[in-house]
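In what follows, a structure is listed as structure tokens, so that the remarks can point back to it.
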Amino acid sequence: MLNPRVAEITARIQARSASLRADYLRRVEAAGRAGPLRGHLSCTNLAHGFAAAPSGDKIMLREVRRANLGIVSAYNDMLSAHQPLEAFPAWIKEAAREAGVTAQFAGGVPAMCDGVTQGQPGMELSLFSRDVIAMATAVALSHNMFDAALYLGVCDKIVPGLLIGALAFGHLPAVFVPAGPMTSGLSNDEKARIRQLHAAGQLSREDLLEAESKAYHGPGTCTFYGTANSNQMMMEVMGLHLPGAAFVTPNTPLREALTREAAHRGAKLTALGDSYVPVAAIVNEKAIVNAIVGLLATGGSTNHTIHLIAIARTAGIVIDWTDFDELSAVVPLLARIYPNGKADVNHFHAAGGMGFLVRELLDAGLLHEDVETVMGHGLRRYTQEPRLIEGELAWLDAPAASLDRDVLRPASDAFSPDGGLRLLSGNLGRSVIKVSAVKPENRVVRAPAVVFDGQDELIAAYKRGELEKDFVAVIRFQGPRANGMPELHKLTPTLANLQDKGFKVALVTDGRMSGASGKVPAAIHITPEVLVGGPLGRVQSGDMILLDAETGVLRVEVDEAEWQAREGVTADLGGNEFGMGRELFGAFRHLATGAEHGAMSFGMDR
């Protein structure tokens, strides 16, 4: 039976979303009636659409009797996670022909890496690259040549952007096709240790680069459990992947077989196939709750407290941080993957992976089983894992027991009874904090504020020796409208060093931390942000701040009359507006909603 709290929260989301969801489904239905058959195109339109196709494909495209699959890809060969996608379109086209349909490369979308831009000006484009990707997806599909689409992408903003774009074409079936993680290199624990040594000035840049090169050493996603790998978990638990596809490494026969099978499935899902299932039917309120549950059960990325809200809103579904917080109270933590443990995603996959996880959550009544997926009705199919048997792709039941209980556990013996994601609220606004990697003794910090207008200011103060004390770092003007809400992961080694020295430290900001945020308590995504008058802008250095992740409290302890009399600060943000392409994103910053509304720049109901 479904957990009563999961059922109650789902029903609340359904009631809250009823009007918007009905409007969305009406639009999807109308689009479905008008297409997607390319037969609606004029002869001139259609001739343009197949002019360059191979002769065999051209015949099928011309006759308009067989489905045509669109391929939307985030391929580039600079980024390890997306480099393997180069080979996928050829495999997909061959597999489509085997299934009696055609496939065309509909378009590419940009893919940027937060690992490359971390702490750099380009990071201020990162969050809004999600919206650019969504729009690029729409451009790719706007030709109305396609009966379904396969979406090739992996990393932080790419998968949310692709899914938002897919949902704008909700009448089309969608299959998400991942590339998988790179093989394990330098351990994440050792990588973090070396970063802290470098931040403390005890290790040279050359030694740091050597270590980083051993950690990030080949094709595939980074192996820690940040936003990229959280994306893959969510696509699977939402039924948008083939079962077990998330964490199969690139350049292996199994990876190729899964990619080819994705095309076969895409053909069957079209209105011209055996079982029409549009993406709008898969991504409903139950699937969104399943995504949140999966995120909590695995200690996933805090970035999805923004991205999932934006994804849901595109499908006419309204969720908020209270939903995350209340689900976290009943969803146990079943996985320990760095930064919430020492293992990487390859260890998680080997221990039983997604099949084991989904079965445990289903059997514990924490996931909705009665959902549509790309494999058909019901999530139970996702308790299986793929194998190649004599060269043929097959699915077998996931292991009955975890193969490494230090990495993956059953719901009956969880690492923690809750998911470790909390809502904080008080006179500074609303924020989220991830505590699954924070030791219990560090979850409550009461200390004076030290106010900064950027992470570089804090690092400079650290190097001057000014932060050898208990303090709460307040980093302001880091919200979506101020500077595009860059991740502040550059602060992690510095604050971790101070915490390791025995100081009580915490971070409070209207910005983001990395999906790999870890052992230092961080109240992030504070809404409303400082630029639009958020109360965090009234905090002064020396004010006492209480961050209590156990009771969900975040407040500044200032006399109420004085607090109300204070005026918010202003800042010269001209340095955020130009260079590295930032001048092209002014409209995104101007239009962005708050973090709890998905930090969206689209002209939707706000």
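Values quoted throughout were computed directly from the atomic coordinates according to the rules given, and no laboratory measurement underlies them. Values in this document were obtained by computation on a predicted structure and should not be read as measured data. Note that we place each Cβ from the backbone using ideal geometry, even for glycine, and neighbour counts take in every protein chain shown.
Observations
- Rounded if a/c under 1.5, otherwise prolate or oblate - the stretch 431-508, Cα gyration tensor axes: oblate
- At full extension, L388 and R97 could sit 102.6 nm farther apart than now, given 0.36 nm per residue minus the alpha carbon distance.
- The structure shown yields Rg/Rh (Cα atoms, Kirkwood Rh), and of the options (1) 1.23; (2) 0.97; (3) 1.00 that calculated value carries the label (2).
- Burial order of peptide ranges 582-592, 559-569 (average beta-carbon count within 10 Å, highest first): 582-592, 559-569
- Overall, the chain carries a charge dipole of about 920 debye about its Cα centre when +1 sits on the Cβ of Lys and Arg and -1 on the Cβ of Asp and Glu, all other atoms neutral.
- Alpha-carbon gyration tensor eigenvalues x 5, square-rooted, for the stretch 1-94, Å: 38, 25, 12
- Loop trypsin sites (Lys or Arg not before Pro), the stretch 445-541 (other Cβ atoms within 10 Å of the site Cβ: 11 or fewer; DSSP): R464, K501
- Furthest towards positive pole of dipole, V283, N3, L357, structure part the chain, Cβ charges: V283
- Applying 1/(1 + (r/R0)^6) with r as the Cβ-Cβ distance of A460 and L203 and R0 = 30 angstrom yields a FRET efficiency of 0.95.
- Degrees between helix 88-98 axis and first principal axis of the chain (Cα, 0 to 90, nearest 10): 30
- For the stretch 333-457, a/c is not less than 1.5, where a ≥ b ≥ c are the root eigenvalues of the C-alpha gyration tensor, and a/b tops b/c. That puts it in the prolate class.
- Pairwise label distance in nanometres, F578 with A401, each label 7 Å out on the Cα-Cβ vector: 6.7
- For q = 0.18 Å⁻¹, Debye-computed log10 I/I(0) when each Cα of the stretch 421-575 counts as one equal scatterer: -1.05
- Rounded tilt (10° steps) of 353-363 against the dominant C-alpha axis of the chain: 90
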